[in-house]
1. Multiplying the sequence separation of A:E90 and A:R295 by 0.36 nm and subtracting their Cα-Cα distance, what value in nm do you get?
2. Order of B:364-376, A:235-247, B:291-303 by packing, highest average Cβ count within 10 Å first?
3. For A:36-43, what's the mean count of beta carbons from other chains sitting within 10 Å of each residue's beta carbon?
4. In what order do B:E70, B:E130, B:E138 fall by count of nearby beta-carbon atoms within 10 Å, going from fewest to most?
5. Can you list residues from other chains, or at least 5 along the same chain, whose modelled amide H is less than 5 Å from the amide H of B:A406?
6. May I ask you to list the lysines whose Cα is less than 24 Å away from that of B:K36, ignoring any residue fewer than eight positions away on the same chain?
7. Evaluate the charge dipole of region A:182-322 about its Cα centre and quote only its size in Debye, nearest 20, assuming +1 on the Cβ of each Lys and Arg and -1 on the Cβ of each Asp and Glu.
8. Would you work out the relative contact order for region A:50-121, in percent, from Cα pairs under 8 angstrom that are 6 or more residues apart?
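Read the figures in this text as sums done on the coordinates, not as results from a lab. These numbers were taken from a predicted model, which means no experiment stands behind them. FYI the Cβ positions are ideal-geometry reconstructions off the backbone, even for glycines, and counts take in every protein chain you see.
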Amino acid sequence: MGLFVKGAIKVMVQKIRAVLFYLSVVLFLALTPVILFYSFGYKLDIDRLRIIKTGLIYLKSTPDGARVYLDTRRLNQATPVSIEGLLPGEYTVFLELEEYYPWYQKVRVESGKFTVLDNIVLFPVKPYLGKINAADVDDFYIFPNDKDYIYYIHANKTAISRVSLNPREKEAELLTGRVNLAGNIKDFSLSPDKNKILYFYGNKLDVVYLDGEKQDFFITADHKIISAFWYSDSERVVAVTDNDIRIYELSSQGRENTVKILNINDRRSRAFYDNVEDTLYFTDTQVGADGNQHRGLYRMDISKRAAPTLIDNIEQDIRYNER
Amino acid sequence: MKDNSYFYKRAFEITPAVISWSILLIFLCATFLKPKVYALLIITFDIFWVIRVGYLTSLLSFAHHRLNKEKNKNWLSLCEKLSHPRGQKIYQAVIFPAYKEGLDILGPSLEAMKNTNYPKEKMIVVVAFEERMADSREKAKMLEARYKDYFFVYLSSFHPDNIEGEARTKGANATWAAKRLQELLDSKGINYEDVIISCFDADTCVEKEYFGCLLYHYLTVDKPQQCSYQPIPVYNNNIWHASSFARIIEISSSYFQLIDSMRLEKFVTFSSHSMSFKTLVDVGYWPVDKVSDDSLIYWKAYLYYNSDYRVVPMYITVSMDVAYGKNLLQTLVIQYRQKRRWAWGIEVFPYVILNFKDNKLIPLHKKLRKAFHILDSHVSWATYAMLLAVVSPLAMLFSNYLFKGAVIGFNLPRITGVLFSLTNITVLLWMILSLSLMPPKPKDVKFRARIKIVTQWLFMPLVMIAIGSTPALDAQTRLALGKYMAFSYTEKKRK
């Protein structure tokens, strides 16, 4: 009896195995052509009973979930979506999402090709609007070296405050209330140690201490200041005027140890200061060997490690050109 | 004539590597030369793979169910109920070929033998040492002192080195021991027909009911001497202490054995197995010059009986050691070498085909089927993982460049992604099944190891890349180049 049952189980298992095997073969034979045709973009046109080669469009929007219209026909799917089985031709794709401006574009579909539009941005009709501060504002700055805060000048131009860019921290912080800012200020700059702000207008350059521990001071240069930069240690200021380049030392309130490092001819010199490397890039005009004025681009290393010869070379070069 | 046979031998040694490399090269060349042909091939292959994995997983579930069902059977009492005239006469002889294994490995294997419920007066144990190992005699003495009183006969054999015609293989050692056993049986007047011989790896620990189960199958199958008896190898001895990486490789090995137990026409002896001692003597013992002695003994018997020989699956486990190292890299190297040795089983292909050529009694369709099965299992081992884990993703990376805006370039990653994730469902099933194959957690193993047992399956893609195809491809290439492998010892480690 036991042997009979054992034999019967064995036969049954082998029968089930055979069924599974043939089922797998049938499944493979049936699925493979269908999936291959689909993968290569072929589609069965039931009306005409023929196989046609189609194209597809892939749409991805930010935010996702936009309703998709293809030539006014609404599709059942939302973005991201791939619209498959499209006959070659031009289609108008229209995206619609509540409370966002709609988006549309004409898209050309080619046979057996795909078009990807995955950088669609939908802008809100009512974008988020939040008031950052309470006081009246004259001007504001977001300094590259302190992107956590927005610094603003009060409307009466006597105070500077800052407020965090994090919307959860709404409290403004008054940094100084004893300035008297002129109307023609050209630029503001925050020191690398985030403790001082400099600004300049005409031939005047003012440095304001934000912690109030030191007294603010004001420099009057001999010439019109075009640009001013912080030296990397936050203790010096590099100023480019329409006549020269100078370095002011803050510890002496700009009165002593002011170095005129280079004379320049360019009345509207463009300058950029890399305060990581303490290198000044600037333009200057010189008379060339042909007797014409030439505007050149220079680099000046004024870091603490700089070799003096480099500056000499520039001076010599400029002097040579001057001759 | 001699030259001709050498030519045929080399031709059949080269064949598997040529097929495997051709498949890989066709895919690779098509990727860059004919991308659309590549897409067609890879999608077809992916569909084939998903359906095959589904089919094999169904077989695994059946086999696993069967294993669970037969786990608690009292096989000895079933044997008694048979009232078979030979039931009381059968001796169980076991050979443990040992090489560098110490007492920490051999001890538990013999202890498991001691704990079986088979009558000990019908059990013969032979521990087969290699004479070239300096500490063999000492180890033998210690084990004899501990176990000789428990069995009808406990024997230690010492296989001499440098016997002409032999290689340094496990098969040579087992054959030497079998000959000593034969002398013993002759001296005691025991018929070979009444002896079932089991050849176990040194780390094999049998279950209490193993020999009862073996006897039951021996007494109930048709032509018992024309069968090998194959238990399901699991790697539970040290599985809780092994790394996740090694664990999933070994669990997968057990799974493949379970799957093969359902495909009887492909089922071949592997690792620890049993057979009639008379058959072993008749076919001339295990091969003494080949690494794959476990599968070759089946083929020797298959040829001897002109195809009227089969492997009977026994849904009872024998437990062995997971091979692992001190760190991931060492584990990877150990596992790679072990799998390469298993993949060296392809050496049976030229042996079988050359013998088929000379044997006119085996029908042609059987020869073709068997040859196809050997090739299919080894070629798929050497190529599938490589195609899935390396060739397929490689083309995805260059998809934009290769397909230049064609619909197939857009659809290919999506379709292969969907097909591949379908196979992940089967990985989930493998994970669930693995829980019931695990032994109880030892006390010294922390609870978080249980979590690892589940999460370890995330390593599956990594395992596929690392040692999926490469050991098999390596072994086939070596065989094709005539760089024959010697038996490499896999270090066993227990905590």
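1. Working: separation 205, 0.36 × 205 = 73.80 nm, distance 5.23 nm.
Length gained between A:E90 and A:R295: 68.6 nm.
2. Working: B:364-376: 14.1, A:235-247: 20.5, B:291-303: 23.6.
Highest-to-lowest ranking by the protection proxy: B:291-303, A:235-247, B:364-376.
3. Values: counts 7, 0, 4, 11, 9, 5, 1, 0.
Average per residue, whole number: 5.
4. Values: B:E70 14, B:E130 20, B:E138 11.
Ranking B:E70, B:E130, B:E138 by Cβ neighbours within 10 Å, fewest first, gives B:E138, B:E70, B:E130.
5. Here the answer is A:F114, since their amide H atoms fall under 5 Å of that of B:A406.
6. A:K43, A:K53, A:K113, B:K404
7. Numbers: 18 positive and 24 negative charges, 66 e Å.
So the magnitude is around 320 debye.
8. Details: 158 pairs, mean separation 30.1, N = 72.
Relative contact order comes out at 42 percent.
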